[in-house]
1. How large is the Kirkwood hydrodynamic radius of region 18-100, counting all unique pairs of alpha carbons, in Å?
2. Neighbouring Cβ atoms within 10 Å as the yardstick, rank Ile89, Ile70, Ile37, Ile151 fewest first.
3. What is the distance, in nm, between label points placed 7 Å from the Cα along the Cα-to-Cβ direction at Glu156 and at Asp98?
4. Could you pull out every residue, at least 5 positions away or on a different chain, whose amide H is within less than 5 Å of the one on Ala177? Hs are placed 1.01 Å off N in the peptide plane, and Pro or chain starts have none.
5. How much length is gained if the chain between Ser183 and Val143 is pulled fully straight, taking 0.36 nm per residue apart and subtracting their Cα-Cα distance, in nm to one decimal?
6. Work out Dmax and Rg for region 9-243 from the C-alpha atoms and quote the Rg first, both in angstrom.
7. Ranking Val110, Val33 by Cβ neighbours within 10 Å, fewest first, what do you get?
8. What whole-number volume per residue, in cubic angstrom, does the convex hull of the C-alpha atoms of region 120-175 give?
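Each value in this text was obtained by applying a stated rule to the coordinates, not by laboratory testing. Worth saying up front: this structure is predicted, and the values here are computed from it rather than measured. FYI the Cβ positions are ideal-geometry reconstructions off the backbone, even for glycines, and counts take in every protein chain you see.
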Amino acid sequence: MIAVTADPLAEFLAGARARVDAALERWLPVPPVSPRIVSEAMRYSVFAGGKRLRPMLTLAAAAAVAPDRIDVALPAACAIELIHTYSLIHDDLPAMDDDTLRRGRPTLHVVYGDGIAILAGDGLHAEAFTLLAREPASDDPDVNRRKLQVIRLVGEAAGAAGMVGGQAIDLQAAGQAPGHEISLDADGLRGMHALKTGALIRAAASSGAIMAGAPATIPAGAPASHSRSWTTSWTWKATRRRSEKRRGRTPRPPSPPTPPCSAWTARACSPPSASTARTPRSTPQV
């Protein structure tokens, strides 16, 4: 069992990441269930050295609610990481951001081709919901009810009302939706990032809490809420790098993101106090 204590944050993150990596290896399909090329392509991206921020939030939220029930939240943590990875694969494609490097390695479509990259992303998306529906296997009506609640929550966060919708707005704002271009002011940019990146981060924290026994309706001030300002700050930096790339400039390297909580205790994901809450910038950082 991983419990969030007063020990250094790095200790918790290292343990949570190892636990998530082992579970991902165990739950991703392998031949003969999956064609070898699809299995290899999915693993190429899933194990490309990601920070595992989202699944760590899931496990931390579960531990904050009930440290002895963190295992019940592990499938949700892994499913959210699969969805995040699929979104990166598709985001790197020539039709989207056209990136050839991610985390210091060639992107998936560079190694396997556009078609296999698309299929690997599709496979990860489907596997995420298969995992949410299957694990944890239980005859407990309460556990199964919570699984359904998390499936709905994650589906909404990943779909047109969340991540996909935010990505569509981003493409419009970048002039990549011919005949449907839009301009975004600061509020519009914040709204885009709240969907494109923030929705899945909020779902990550909320799903962990729900699986550990929290009410299905998370209060407005609960763990997910204070991720918004951090998300906006981080994704504005990503937007700036994307804009520099499209203008032919060398993008500035990203700074490692700092999790929304600088120090987690047993109530790891409780909302920050008024004195420590972070206020979103009123204008984009450029």
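1. On the way: mean 1/r = 0.0721 Å⁻¹.
In region 18-100 this quantity evaluates to 13.9 Å.
2. On the way: Ile89 30, Ile70 26, Ile37 14, Ile151 17.
Lowest count first: Ile37, Ile151, Ile70, Ile89.
3. 3.7
4. The answer is none.
5. Working: separation 40, 0.36 × 40 = 14.40 nm, distance 4.45 nm.
Residue separation times 0.36 nm, minus the Cα-Cα distance, leaves 9.9 nm.
6. Looking at region 9-243, its Cα Rg and Dmax stand at 17.5, 53 Å.
7. Numbers: Val110 16, Val33 9.
The order, fewest Cβ neighbours first, is Val33, Val110.
8. On the way: hull volume 3.5 nm³, N = 56.
It comes to 62 Å³ per residue, whole-number rounded.
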